[in-house]
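Undergrad: Take a look at this one; I'll ask things after.
Every read-out reported here was derived from the displayed coordinates using simple, explicitly stated rules and does not represent laboratory data. Since this is a predicted model, take the numbers as computed values, not measurements. Here the Cβ is made from the backbone with ideal geometry for all residues, glycine too, and neighbour counts use every protein chain on show.
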Amino acid sequence: MATLLENWRVQAYGDGRAKAEQEKLWQEYFALEKGFYAEVLKDPSHVFTGSVQELAEHFGINVFYFTGILDGIDESLKGFHNPIETMDENTEVRIEIDPEKLYYNMVEAKASWLYGLPEWDGILSEERRRELYKEQKKSGTVRRESKKIYPNDPCPCGSGKKYKKCHMRQDEEMAMKALSEEA
Ligand SMILES: [Zn+2]
């Protein structure tokens, strides 16, 4: 039987469902993910523990999408990885974010609708965020498998606008600002 993660990946990235269905999956995922991060960032030092099922319920997200969340956040945790490859609903997991890693990884994913969440204001200073932003852009690496968002896709922030007219523009403006400060 496929693990939770295998099922998530085949549906989200693979050929587990038709293209239009996959687009819908991502729109739903992005909305849930944004809510999830807004809650986690309210108190970034809070440690969430419980089974996959329990934490999914806590955040009001079903286990399928919560698997995607755990997959996405795994590189941004404080000195700890969850057994995402093998976990099932009853596996104990832990979410304790490392704010700097999380911000950096959001920049890497070009997720301006996430690194631009107002909750960040109370967590990392504007200066530190700018440093992390530049550090990531300079590294030029993209390690994580993430959803490729095309300019004409609906923006992941849920505004209903096209990505190119919404947060794609915001990310490009951030990049230009960072570059001009280098000069
Ligand atoms: Zn947007």
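Undergrad: Under the 0.36 nm per residue contour assumption, what length would be gained going from the current alpha-carbon distance of ALA38 and GLU96 to full extension?
TA: Stretched fully, the ALA38-GLU96 segment lengthens by 19.4 nm.
Undergrad: Now a separate question. Over the residues of region 100-153, compute the C-alpha Rg and express it relative to 2.2 N^0.38 Å.
TA: So region 100-153 has a normalised radius of gyration of 1.16.
Undergrad: Going by amide H atoms built from the backbone, whose H comes under 5 Å of the H on GLY50, apart from near neighbours?
TA: For GLY50, the qualifying residues are VAL93.
Undergrad: When a/c reaches 1.5 or more, the comparison of a/b and b/c decides; with that in mind, is region 87-183 rounded, prolate or oblate per its Cα gyration tensor?
TA: Oblate shape, in that a/c is at least 1.5 and b/c is the bigger or equal ratio.
Undergrad: Summing Lys, Arg as +1 and Asp, Glu as -1, what charge do residues with Cβ under 11 Å from the Cβ of TYR29 carry, TYR29 excluded?
TA: Spelling it out: positives minus negatives among the neighbours equals -1.
Undergrad: First check a/c for the chain, with a ≥ b ≥ c the square roots of the eigenvalues of its C-alpha gyration tensor; if it is under 1.5, answer rounded, and if not, answer prolate when a/b is larger than b/c or oblate otherwise.
TA: Oblate shape, in that a/c is at least 1.5 and b/c is the bigger or equal ratio.
Undergrad: All other residues with a Cβ under 14 Å from the Cβ of GLU54 taken together, and with Lys, Arg as +1 and Asp, Glu as -1, what is their net charge?
TA: Result for the local shell: -3.
Undergrad: Could I ask something else about it? When the chain is modelled as a GNM with alpha-carbon springs shorter than 10 Å, which of PHE30, PHE66, PHE48 fluctuates the most?
TA: Largest GNM mean-square fluctuation: PHE48.
Undergrad: While we're here: Given LYS78/LYS147; LYS24/LYS78; LYS34/LYS161, which pairs have Cα atoms separated by over 27 Å?
TA: As for pairs spanning more than 27 Å Cα to Cα, those are LYS24/LYS78.
Undergrad: Cα axis of helix 126-139 to longest principal axis of the chain: angle in degrees, 0 to 90, nearest 10?
TA: It works out to around 80 degrees.
Undergrad: Same structure, new question: As a quick test, which of the pairs LYS110/LYS138; LYS101/LYS138; LYS138/LYS162 have an alpha carbon distance above 18 angstrom in this structure?
TA: LYS138/LYS162
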